[in-house]
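Comments concern the structure below.
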Amino acid sequence: MERFVTLAVAVALALSACSSSETNAAGDPADGSQSGGSVPGDRLVIATTVAPITSLVSQIVGDRAEVVGIVPEGTNSHTYEPKPSVAELLSRADIIFVNGLMLEEPTVELAEANMAEGAEIVELGNTVLPESEYLYDFSFPEADGKPNPHLWTDPSFALAYVEVVRDRVSEADPDNADYYAANYDAFAALIDEFDTAMRESFETIPEGQKKLLTYHDAYAYFAANYGWEVIGAIQVSDFEDPSPKELADLIDQVKAEGVTAIFGSEVFPSPVLEQIGKEADVEYVDVLRDDDLPGEPGTVDHSWFGLMVFDYVTMTEALGGDASAIAALDVRNVAPDIATYPQ
Ligand SMILES: [Zn+2]
């Protein structure tokens, strides 16, 4: 672990000293290819979208590839439109990993228009989830044709994502396939540990409390897997506030469900949810995150794992459970994370 950290610092320093398009090792054939496509001996260039995906990709590639995120943390990833300047990154990327499930359509369109020959876009969600298992709900109604895209908040899908990442980067960069495979194995062990701790903590939540009323409905697949019930989400598909009638119904529903807390998102402050909390006399917890990582880039908390530990400790404690099994986990990266996270 310590060796990785030292190496990460060394690579970060080397990276800051030269632009990556000029990092070909001496002796590489000058084939004139300026961008995209894999050049033997060259590091892969990987573009990613939201921060949890960037973190997951980094768990596999470590410092053997250049990883650059696109969607700035703290923005609404569902409506985000990349600046034209992102085209430069997309034009030199070998692989573009996106969540898919129609989360990042403007970015995918920009990628299709600018990517180099031989480069590929990998839609992780579409790859691991058969269409028959897409979830539609209040915030993501089937009529709009966009499924709930938040697979990554369920650790089993996060593991499925990194499996796809491992396979694709190993194809594109077979020299490092053993390294990618070892990182995958270490991450799978971490997921196993996390899953056990989650189930242990969730069992301590009082009967009938494993219910989520959230602002932003980012936990649908998680809930299905871990026996929680999503009782509602405030954020409708057009990102407008609910009508007075809908609001009154939600207040009645929260009272009837008997939950002790409802959950807002740190990215989407919601006076409406605050009002529901007050009128139904339940705690309003407004700190959940689905794609804005905690902490600062370069710290271990600033990772997919740090994000998930934060959310599930928060939910468990607010609903009267004991989150110590999750809180006791060693939040860590299994490979050095030197990715670029736009802020
Ligand atoms: Zn979201």
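Rule-based calculations on the coordinates, nothing more; no lab input. Source: prediction; values computed, not measured. For neighbour counting, all protein chains shown are included, and Cβ atoms are generated from backbone atoms with ideal geometry for every residue, glycine included.
Just a few scattered comments:
- When PRO271, PRO342, PRO297 are checked against the criterion of being touching a strand residue (DSSP E or B) at 6+ places or on another chain (Cβ under 7 Å) and more than 21 Å from PRO155 (Cα to Cα), PRO342 stands alone in meeting it.
Residues are listed down the side, and each one gets a yes or a no for (1) more than 16 Å from the ligand (Cβ to nearest atom); (2) hydroxyl-bearing (Ser, Thr, Tyr); (3) without any contact (Cβ under 8 Å) to a residue 60 or more places away in the chain; (4) not in a helix (DSSP H, G or I):
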{"residue": "TYR284", "(1), (2), (3), (4)": "yes, yes, yes, yes"}
{"residue": "GLY295", "(1), (2), (3), (4)": "yes, no, yes, yes"}
{"residue": "ASP301", "(1), (2), (3), (4)": "yes, no, yes, yes"}
{"residue": "TYR312", "(1), (2), (3), (4)": "yes, yes, no, no"}
{"residue": "ASP322", "(1), (2), (3), (4)": "yes, no, no, yes"}
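- Scanning region 263-282 for residues that are more than 15 Å from the ligand (Cβ to nearest atom), outside any helix (DSSP H, G or I) and of a type in the set (Asp, Glu) gives a single hit, ASP281.
- The residue that is nearest to PRO147 (Cα to Cα), counting only those in region 58-100 that are more than 18 Å from the chain's Cα centre (by Cα) and part of a loop (DSSP other than H, G, I, E, B), is LYS83.
- Tally of residues being within 18 Å of PRO155 (Cβ to Cβ), among the hydrophobic types (A, V, I, L, M, F, W, C) and part of a loop (DSSP other than H, G, I, E, B) across region 324-339: 5
- The set of residues from region 74-104 being closer than 17 Å to VAL57 by Cα, within 16 Å of the ligand (Cβ to nearest atom) and of a type in the set (Val, Ile, Thr) comprises just one member, VAL98.
- The listed residues are THR316, THR340, and the only one of them that is farther than 27 Å from LEU250 by Cβ and in contact (Cβ under 8 Å) with a residue 40 or more places away in the chain turns out to be THR340.
- Residue ID - farthest from the ligand (Cβ to nearest atom), chosen from residues in region 106-159 that are among the polar types (S, T, N, Q) and closer than 24 Å to ILE95 by Cβ: ASN114
- Residue within region 244-261 that is surrounded by 15 or more Cβ atoms within 10 Å (Cβ to Cβ), under 30 Å from ILE53 (Cβ atoms) and either under 20 Å from the mean Cα position of the chain (by Cα) or not β-branched (Val, Ile, Thr) (or both) present: yes
- Residue list for region 111-127, filter: buried (at least 18 other Cβ atoms within 10 Å of the Cβ), in a helix (DSSP H, G or I) and aliphatic (A, V, I, L, M): ALA111, LEU124
- If you go through region 193-242 and keep only what is within 16 Å of the ligand (Cβ to nearest atom), among the charged types (D, E, K, R) and loosely packed, with under 14 Cβ neighbours inside 10 Å, you end up with just ASP238.
- For LEU190, the conditions (1) more than 16 Å from the ligand (Cβ to nearest atom); (2) hydrophobic (A, V, I, L, M, F, W, C); (3) farther than 24 Å from GLY100 by Cβ all hold with the exception of (3).
- Taken over region 268-286, residues that are surrounded by fewer than 16 Cβ atoms within 10 Å (Cβ to Cβ) and closer than 14 Å to LEU212 by Cβ amount to 1.
- Neighbours by Cβ (under 6 Å, 6+ apart or cross-chain): first from region 195-210, free of Cβ contacts under 8 Å to residues at least 40 places away in the same chain and charged (D, E, K, R); second surrounded by fewer than 20 Cβ atoms within 10 Å (Cβ to Cβ) and in a helix (DSSP H, G or I): none
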